[in-house]
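The values are calculated or read from the model by the stated rules, or taken from the named source; none is laboratory data. It should be emphasised that the depicted structure is a prediction, and the values quoted were computed from it without experimental measurement. Every residue, glycine as well, gets a Cβ built from its backbone with ideal geometry; the counts of neighbours run over all protein chains shown. All accessible areas refer to the heavy atoms of the entire protein, side chains included, with ligands and DNA or RNA removed. Shrake-Rupley method; radii C 1.70, N 1.55, O 1.52, S 1.80 Å.
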Amino acid sequence: MLLLAVLLAAATAAGLVWRARQGRVRQVQDDDAAQDLTAEVTALGAVLGERATLLQFSSAFCAPCRATRTLLAHVAGTEPGVVHVEVDAEQHLELVRRLDVRKTPTTLVLDGRGREVRRASGAPRRADVLAALPS
Amino acid sequence: MSTTRPAGVDPRGPRLGAGVTTAVLAVVLVTGAWPLLALQAGVFALGAAGRSPYGPLWRAVRRALGLAPPAALEDARPLRTAQAVGLVFALVALVGVGTPVFAVAVSAALVAAFLNAAFGLCLGCELHLFLLTHTHRRSTA
């Protein structure tokens, strides 16, 4: 019984932490180490946005992926120079592995030169996406 | 896309299943009733095969309560992965009956089921993409 109580308490704490971290937009190391993904975006048949590219990895029937798509498409439609590119993760497993994408949706924010500057795993919030865009 | 579209399921079904699984595993952990765990292993196996009994159960509950159909469907394959992971833990626990392995394995499965039921966090589903990327190493992007 005690073990059960301890387990459920620990799991509740872990669940709350997980929920708080969902969709948080993180800075990718320091700017110098940012990875250039121009070639990858080109290979996907897309063109980099002048200001930023929102590269979203999704999978089928994934509700947060759908919400993220709506949000990012809207951001791309309203913010000048911002492009939204959506990738089916399961169709690009090699890329998913190379970029260390572990779940869907994962959104990479690329700057105007195609370098990954931010990353969000889980559905991000609108304000965080806007704040993550390079000025 | 070239591959066939995967089947979609009402996400509330697996959520209900996770709640029942949490309760069952809690009883198993407290009482040590391994035959009950064997039954749960059977349910995990059905779920891994895409035939979870909680799907029909949820549809019955939905009809009884007059709830609306799902607003959006969820990919069934990660859910099957999750059930397969649950099955592995249940089998490990069954092999370890009478040893501390039993409580450890049941505890792990219980925590996973609880997180799914309470927070919608499906640990086994999170493994789905990871397993795909690490079992298709040589495939081209």
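Numerical summary
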item	result
Lone unmet requirement of (1) in a helix (DSSP H, G or I); (2) open to solvent by less than 40 Å² (accessible area, probe 1.4 Å); (3) touching a residue at least 24 places away in the same chain (Cβ under 8 Å) for B:L131	(2)
Elements of type helices (runs of 4 or more DSSP H) contained in the stretch A:54-135, each with 3 or more residues being more than 14 Å from chain B (Cβ to nearest Cβ) and surrounded by fewer than 20 Cβ atoms within 10 Å (Cβ to Cβ)	A:63-78, A:126-132
Test: residue in the stretch B:118-134 that is farther than 20 Å from B:A7 by Cβ and modelled with pLDDT of 95 or more	yes
Selection within the stretch B:6-40 - of a type in the set (G, A, S), touching a helix residue (DSSP H, G or I) at 6+ places or on another chain (Cβ under 7 Å) and surrounded by fewer than 18 Cβ atoms within 10 Å (Cβ to Cβ)	B:A7, B:G8, B:G19, B:A33, B:A38
Hits in the stretch B:51-71 - residues which are within 14 Å of chain A (Cβ to nearest Cβ) and surrounded by 14 or more Cβ atoms within 10 Å (Cβ to Cβ)	B:P70
Criterion (closer than 29 Å to B:F114 by Cα and touching a helix residue (DSSP H, G or I) at 6+ places or on another chain (Cβ under 8 Å)) met by exactly one of A:G23, A:G49	A:G23
